[in-house]
1. Name the residues in region B:276-288 that are under 11 Å from C:Val265 (Cα atoms) and more than 7 Å from chain C (Cβ to nearest Cβ), would you?
2. Given region A:351-464, what helices (runs of 4 or more DSSP H) lie entirely inside it while holding 1 or more residues that are among the β-branched types (Val, Ile, Thr) and at negative phi?
3. Tell me the strands (runs of 3 or more DSSP E) entirely within region B:407-474 that contain at least 3 residues that are assigned by TED's automatic domain parsing to the domain that holds B:Phe262, free of Cβ contacts under 8 Å to residues at least 60 places away in the same chain and buried (at least 21 other Cβ atoms within 10 Å of the Cβ).
4. Taking the stated definitions as given, is B:Glu316 modelled with pLDDT of 95 or more, more than 7 Å from chain C (Cβ to nearest Cβ) and surrounded by fewer than 18 Cβ atoms within 10 Å (Cβ to Cβ)?
5. Report whether or not A:Pro436 is in contact (Cβ under 8 Å) with a residue 12 or more places away in the chain, in contact with a Ser or Thr (Cβ under 6 Å, 6 or more places away or on another chain), surrounded by fewer than 24 Cβ atoms within 10 Å (Cβ to Cβ) and farther than 25 Å from A:Asp177 by Cα.
6. Could you tell me which numbered condition A:Arg82 fails, if it satisfies all but one of (1) within 13 Å of chain C (Cβ to nearest Cβ); (2) under 30 Å from A:Thr28 (Cβ atoms)?
7. Answer with yes or no whether C:His212 is modelled with pLDDT under 95 and facing another protein chain (nearest Cβ under 9 Å).
Amino acid sequence: MDLRLIPDAEPSDAERAALDALLGAPETAWEGALVAHPDEGVFGAGGREAREQRHLLLPALHAVRDAVGYISEGGLNYICRRLSVPPAEAYGVASFYALFALEPQPPVVAHVCDDIACRVRGAAGLCSALETRLGPAGNPALGGAATWVTSPCLGMCERAPAVLLQRAGAADVALPDADADAVVAALSGRVASANGARLHGSASAPQTREPEQHDLRLLRRVGRVDPESLDAYRASGGYEALRQAFALGPAGVIREISDARLLGRGGAAFPAARKMEDVARAPVRPHYLICNADESEPGTFKDRVIMEEDPFALVEAMTIAGYAAGCEQGFLYIRGEYPLALARLQHAIAQARARGFLGRDIMGTGYDFDIEIRKGAGAYICGEETALFSSIEGLRGEPRSKPPFPTQAGLFRRPTLVNNVETLVNMPWIVLHGGPAYAATGTAGSSGTKLFCLSGHVARPGIYEAPFGTTLRELLTLAGGVAGGRPIRAVLLGGAAGGFVTADELDVPLTFEGTRAIGASLGSAVVMVFDDTVDMADIVLRIAAFFRDESCGQCVPCRVGTVRQEEALRRLAHGSPLGSVASDLALIDELALVMRDASICGLGQTAASAVQSAIAKLGLFQDGQGA
Amino acid sequence: MVILWGSNARETHPIFFLHVLKALRNGARLYVIDPRRTSSAQWADRWLGLDVGSDIALANAIGREIIAAGLANEEFISRATTDFEAYKACVEPYTLEYAERETGVPAEAIRELAHAYARADRAQLCWTLGITEHHNAVDNVLALINLSLLTGHVGRYGSGLNPLRGQNNVQGGGDMGAIPNKLPGGNDVEDDAARRPFEEAWGVKIPPKRGMHLSQMFHAMETGDLNALYVIGENPAQSEADMEKALRLLSGLECLVVQDMFLTKTAELATVVLPATAAWCESEGTVTSSERRVQRCRKALDPPEGARDDIEILCELARLLGRNWGEPTAEQVWDELRSLSDWHRGMSYPRLEALHGLHWPCPSEDHPGSPLLHDRLWQDPVGGRPAPFSVVEHDPPVDKLTDEFPIRLTTGRRLESFNTGVQTGGFRSPLHRSESLDIHPSDGARWNVADGEVVRIVSRRGAIEAPVRYDPTLRPGLTFMTFHFQDEIATNILTIDATDPKSGTAEFKAAAIRVEKLPGPADIAAGGLGD
Amino acid sequence: MSVAPLRLVSRRTVELTIDGQSVRAPEGATILQAAQSVGIATPTLCYLETLTPVNACRVCVVEVEGSRVLVPACARKVEPNMVVHTNSARVRHSRRMVLELLASSVDLSYAPAEVQGYLAEYGAQPERYGQPAAAPDRDHAHAGHHTPVADGYAATVAQPVKVDNDLYVRDYARCILCYKCVEACGVDAQNTFAIAVAGRGFEARISTEFNHILPDSACVYCGNCIGVCPTGALMFKSEHDMRAAGAWDESRQTRTDTICPYCGVGCTLQLHVQDNRIVKVTSPQDNDVTSGHLCVKGRFGWQFVQNRGDGRGGGVAAP
């Protein structure tokens, strides 16, 4: 197209090299090569082929940011020239993501989680200590070498408080169990290895460290099998399920998953087999499979642990799902805050490809399938499946209207199967053991086992695998009960888009139907415990701020509604309502209704649910007090 | 599939190009053939950057390849065309290798275009002045028509030939008979039967011989055969090639009448100036667009003091010359035209208004108009005369590149400006930038001229000075100027008046120039010291 | 808003119920079109027939039985036996709230009477969210971070008007983020992509790359963004200046359709004339040549007509 680039903005050598490493060197001066191609004065190819590179925009932005720490005008120009993307559009995309800066910033940035799980485990103290030692958030510190900013949930709630380090010219690194000394040391260039001890169980999945054998399905390799060895994976039963899947054929796989009554684990609990069958039957080609690993619901970290500790299982599971639904290409969309999971998956995919488990003619069956990883860049909304499509396609991560549904018109408007990580990793077991065997565990409405993310004031935070139907009380017991033995003020179930339950409701069976019966939701299986010392108004305000920050801004109810909701909650928390407490509470209800009824996607539709449950169940603000 | 050949529609026909873009979004492929990698070419799936004036070599090679590959639409050719064998023989020497040599375009790109065009379900072939501002303009057009006949891409929905008109009523002007060989409605002035109804209606004898076209008029001025000229809404003092010669001839006329809304450069030379209204917003009437759509122009403003409607001026002039034409309204004039032109007979003002225009031919008031022309070729048997192939040969530009004049200069328009800038000079667009000699950056390095440096540009006809502008859409050896700023920089001093004998169009697209560095302050200082 | 005829290829029809009325609509029609066909008015802000629906404003939402949430009438296609309610309490609540949320954060004073009518019809009370707060610099807001306003204040998108060229101004304090300008500049018409939505959430805004001024951007001044802006956020400089001077008076303006004097495409121009001077140029959206879109010459190239006699355009010659 007739691009007009930013005048006089050239890429630096580092930016040019980073992008060329991703895309290959340009062939013509027209595309940015320093030496002209002999034919380029008389012939040019472009048009649709050039414009169809748009889906590489997000990886390209990452490449430039990783190289120099931010997206410069020269870097953006070079991206635009290479990919035929107009600069305003690329800027619109880059500025959508929290992890991309568009102005020069220090080469090392610490993103310090101050979200709800870290908040009750010392995040506020960490932030104030950093402010004392480094200056206010966002300001250059350590002689301009570094800075720190606050961050929404980083998905390391079991090891709170958590920090993510972004470094120009070096890989990102996560700092769990962070304190001010560790952060300052890391910002000064001293980064300790963050890998947990292996083969003795995982620190993030306490069940795996206990001597007694739990009947673990999804966690059976976690902390026990080397996640970087394909041989170790195969020695522990890996790729037997894929072999079985090929024997069953696509329809056979779908039948087993249907018999298993497997429900989606991403929060919506949709029957997995139905989506799979819809895609398999869709006449339009190609079909895509997407693994949604954009696990960003505050308090959720189960998928991260699986990806870090058993990455081959996910690769195998995606291959099975892709085979069943007739997909030619898979995408794994992982949130940008998971550096270890990303590295392990990149390694696993490369290994699998090298050994014939991905690529052409997998295991000699004639089936072709490959997986491309796409890394998010700090946007909760991209976990919404249609926003995820937009993000992969190189557009702003804005959701789309449904219908059309993804199974008919998803990624690149083609039939697309989207599954959460946990949903997928259930599939190998189902294929190997059969659907009916799977359905024998759990309840009639919720079959199988479930991964729960325990955080906050529990004695042993982490991922727990338990059959559906386990009560909340049993689960808390499994995690060692409330840390310090204090009374429970509330438990957040399902994440920020879920709701609070009280100490009176601990006997709720953790199933989709059981939680629904008490007006709660299992959501992404967040179980975040707050003891009686917690200022719940502060927690609710943080949730409201989260939705305001994470709204994509596309539709009015969510874009402005989340702002007005936060404003009203702040007024109530500060004891200075407009009119009266009752009128502000009524306003909050009205906002909740329009957000739920008229927002485009699930973010807006659930942006009031935790707030509403806090007011209804915890009696927040109703006495005119904060909490 | 859409081919733009010698057309930068993105800038010269922007709203037409929006329709092209819509087609691209719907899956159409775009090929652009243009010496420059224009903003239109930048949208193309394939851009073929042929040498200026090598269009026939390219077209004939495409034709030969289509025939050689067995992709010609033989059924259409045998049913609806004539003279195919002569064409086939003519293009036989135009091999891909020959075409690569003559046009500069890689043979493989030519082959791909030939196959894509021949195999396309539907294909539009559009051109503009890149085809027609050559000394062999008509042959260029015929070469393209040959391709459409070869493949049957004509006269069907989505397939056709589309010359994009550069001005809002250049089509309508011709349709009204403002063309040397035609009366209104396409009636041939040399055809007695066609002429007779006009003579009866007007009560006069019409000379049964075609008139002169513009180039012939200038030639006649030169020989002294033409000494009075009446110019309506045209600025030949600035728009003609070889401008110094044009100025000299216009100045030498015994009588020059100019009817215009501006005191143009031509008007400044006039014996009499008749101030006119702005036809598009100060008077009523119709214009005919590139797609033969007749639409209504309406009066929105009162004209300034002294300016008069063109009809009023002409009728007044007739009265002074002893003929009473009355004081007809625009609609009455139009209705007279309708009574004489089959193309327009069904286009009453009420219909034009209700339907937002009608395409000719529209022979009766119950006719829906004809968005599609030449569909007769698809009737069985073919309606009317079959379409003839034409034998045309490659003939490079007249202004040859030599050691003395080694650089090719081509001219064209920019998005925000129009022709000699009389109209577009009036608005303050941030896009406006003054005239420049656009060159490829590598030529700048080779000729030792910097971006922005003022240089002297010399052709066989004259010399001007202009600043250089680096432009990567050009290629080494190819330079570009507009003709929007004739008051400041008269590009047409450089251009050649070699004209097409059939259409009278000058070869604005191909001049040979050299670029001379002006002595800079440093050189002057050095010279001063040396002496 | 004019009711445009349905232009659909399919001749099959679908039967549905809207507000208790049985309605036949062509397959592929939207609920909005079906409702219009039986005279049921639906408020719209981000919808325009010539653009792809983005269904961002949500003011057109209706209730469809069986759907958990309300659906946008402008984008949702009719289905057989659909039962639609356009005037239920839920629908009225959402429409009122959407209008309140917009009016409490955006300056709607230049929005057409139609929009003022919606506010009245649905009883919007934008003032109940608090005093309008002055907005911080929105052009450099970083996604995912914000500073809350003081208690009692309501955040707004207020910011200074951008005047960086002689042809048009951008007053984003009036922007409801309907995306129409981005669509018109982008794939739905002009394909120039000089502007896009940048930032996220409440800080989302229309921007050039790095917030550069328009003359440094890809803008070609076709003005097609102005042509689709529903709130006066994008405006001809001529109109902006006349409004500033108190001279803008639509009641004294005439509108005349004519044909552009430039190239041979034949675009219909609608000339808005006040006191025998052209004050702005638009094109009818239902015109099949332009679909309401023009180029810089058609949109702005008329000044020569008015420059005659003032020394800039050459002047009228004496007879």
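The values are calculated or read from the model by the stated rules, or taken from the named source; none is laboratory data. In this text the structure is predicted, and so the values were computed from the model without any measurement. All Cβ positions, glycine included, derive from the backbone under ideal geometry; neighbour counts span all protein chains shown.
1. Filtering region B:276-288 for residues under 11 Å from C:Val265 (Cα atoms) gives B:287-288.
B:Thr288 - this is the single residue of region B:276-288 that is under 11 Å from C:Val265 (Cα atoms) and more than 7 Å from chain C (Cβ to nearest Cβ).
2. On the way: elements: A:385-392, A:421-433, A:435-439.
Qualifying helices (runs of 4 or more DSSP H): A:385-392, A:421-433.
3. Values: elements: B:407-412, B:437-439, B:454-459, B:463-470.
Output list is empty.
4. Numbers: modelled with pLDDT of 95 or more: yes; more than 7 Å from chain C (Cβ to nearest Cβ): yes; surrounded by fewer than 18 Cβ atoms within 10 Å (Cβ to Cβ): yes.
When the stated conditions are applied, B:Glu316 passes them.
5. Working: in contact (Cβ under 8 Å) with a residue 12 or more places away in the chain: yes; in contact with a Ser or Thr (Cβ under 6 Å, 6 or more places away or on another chain): no; surrounded by fewer than 24 Cβ atoms within 10 Å (Cβ to Cβ): yes; farther than 25 Å from A:Asp177 by Cα: yes.
Criteria not met by A:Pro436.
6. The number of the failed condition is (1).
7. Working: modelled with pLDDT under 95: no; facing another protein chain (nearest Cβ under 9 Å): yes.
Judged against the criteria, C:His212 is not a match.
Residue by residue, here is whether (1) under 14 Å from the mean Cα position of the chain (by Cα); (2) farther than 23 Å from B:Leu372 by Cα; (3) acidic (Asp, Glu) holds:
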{"position": "B:Glu85", "(1), (2), (3)": "no, yes, yes"}
{"position": "B:Lys88", "(1), (2), (3)": "no, yes, no"}
{"position": "B:Pro93", "(1), (2), (3)": "no, yes, no"}
{"position": "B:Ala99", "(1), (2), (3)": "no, yes, no"}
{"position": "B:Pro106", "(1), (2), (3)": "no, yes, no"}
{"position": "B:Ala120", "(1), (2), (3)": "no, no, no"}
{"position": "B:Leu125", "(1), (2), (3)": "no, no, no"}
{"position": "B:Val138", "(1), (2), (3)": "yes, no, no"}
{"position": "B:Ala143", "(1), (2), (3)": "no, no, no"}
